[in-house]
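Step one of this worksheet: look at the structure below.
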Amino acid sequence: YSISATGALAYLPSQGDLEKLVADRKGQIIDTIPERGSWTHQIARSKPQVALGGFDHVVIYDMVRKTLTVVAGLASSPVWGPGDSVLAGFGTGATASPVAGIRRVDLATGGDTFLMAGTRWTPLPTDWSRDGRYLLMTRAASTGDTLARSELWAYDFTAGRPIRVLASGGNVADGALSPDGRWLAYTSDESGASEIYVRPFLRSGEAARVSVNGGRRPRWRNDGRELYFETPDGRMMSTSVTPGSTVAFGTPQMLFRVPSWLRGIFFDPGVPYDVNGDGTHFVLRTSPASNA
């Protein structure tokens, strides 16, 4: 909405809940997920399934069978674990004495394990290392509706405790690990604008800036040779990656523009998009079409 200098109010009527669309690499819409109450999601690495979370539940959408299955114990921010056999996310669990925080759910047995509480800092899972050891999280502190600070943390399953991965002079979020576990991609506003950086994970070394004109939500292809991110003006970008003892990046290229994008937010507790392991399918969070 907007108010003019003379007091006239212009506005768009509500367009309803957010939609999830499945698009190919050219941005062509090939499916619509029938789950309207979610704003977080992640695509499985090895199978055509999407975990979606919202206010009070997580569901798994099978993109082939077109079915939805509820995952008890989790509410939002689902992240697939090794082998796509477990999920982690924020929830209260399926027990009689719920405790809100990060939990791990075994999809075969339904058993859930409490990992850490969500107290003054809200932890939101973003990625899980391929070897299963580290669950990456954005830990965000806010004052009312204003982000005060965000840092990158990880739950170390070997040590059985959370560890701080990265804190800087600005805000950092959206941590994503390369398939070999050596490189950490993330969003940072340390330059004054939201940009994508890559640095060694839990090793010394300098950060390399990947994006050129803004970016957030980096995601790796399964072979580690391509990195994706979103720009503030709604472009889905891809950059080639040359891995090795160091890592090199090509010039980012636009794949497609995203319809009705929610733009201009550095830290968004939702998930604007995700991409499958081979980079052929994207799940996009958009506003539904309106005749207004």
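The values are calculated or read from the model by the stated rules, or taken from the named source; none is laboratory data. Values in this document were obtained by computation on a predicted structure and should not be read as measured data. Please note: Cβ atoms are built from the backbone with ideal geometry, for glycine as well, and neighbour counts cover all protein chains shown. Note: areas computed on protein heavy atoms with side chains; ligands, DNA, RNA excluded. Shrake-Rupley method; radii C 1.70, N 1.55, O 1.52, S 1.80 Å.
With the crude spin-label approximation of a point 7 Å out along Cα→Cβ, what separation in nm comes out for D31 versus I163?
About 3.7 nm, to one decimal.
Counting other Cβ atoms within 10 Å, keep those with at most 16, restrict to DSSP loop, and tell me which trypsin sites (Lys or Arg not before Pro) in the range 1-100 are left.
Passing sites in the range 1-100 are R25, K26, R36, R65, K66.
Using the Karplus equation 6.51 cos²θ - 1.76 cosθ + 1.60 (θ = phi - 60°), what ³J(HN,Hα) coupling, rounded to whole Hz, does each residue of the range 231-238 give in order, writing x for Gly and Pro?
3J(HN,Hα) across the range 231-238, in whole Hz: 9, x, 9, x, 9, 8, 10, 9.
Can you run phi through the Karplus equation (6.51, -1.76, 1.60; θ = phi - 60°) for the range 168-180 and list ³J(HN,Hα) in whole Hz, with x for Gly and Pro?
Calculated HN-Hα couplings, in order: 9, x, x, 9, 10, 7, 6, x, 9, 8, 5, x, 7 Hz.
Report the extension gain between Y1 and Q253 in nm, rounded to one decimal, defined as 0.36 nm multiplied by the number of residues separating them, less their alpha carbon distance.
Taking 0.36 nm per residue and subtracting the Cα distance, the gain is 87.4 nm.
So how far apart, in nm, are the two label points at Y11 and T113 if each is 7 Å from Cα heading toward Cβ?
With each label point 7 Å from Cα toward Cβ, the separation is 4.9 nm.
What range in the chain is the longest one free of chymotrypsin sites (Phe, Trp or Tyr not before Pro) that are in a loop by DSSP and have at most 12 other Cβ atoms within 10 angstrom?
For chymotrypsin sites (Phe, Trp or Tyr not before Pro) (loop position, at most 12 other Cβ atoms within 10 Å), the longest site-free span of the chain is 56-292.
Given R₀ = 35 Å, what would the calculated FRET efficiency be for L68 paired with E190, taking r from the Cβ atoms and rounding to 0.05?
That pair, L68 with E190, gives E of 0.30.
For the range 147-219, with every protein chain kept in place, what is the accessible area per residue (1.4 Å probe, Å²)?
In whole numbers, the range 147-219 has 39 Å² accessible per residue.
Could you give each residue of the range 66-81 its phi-based ³J(HN,Hα) in whole Hz, using Karplus coefficients 6.51, -1.76, 1.60 with θ = phi - 60°, and x for Gly or Pro?
Karplus values, whole Hz, x for Gly and Pro: 6, 10, 10, 10, 7, 9, 5, x, 10, 10, 7, 6, x, 9, 6, x.
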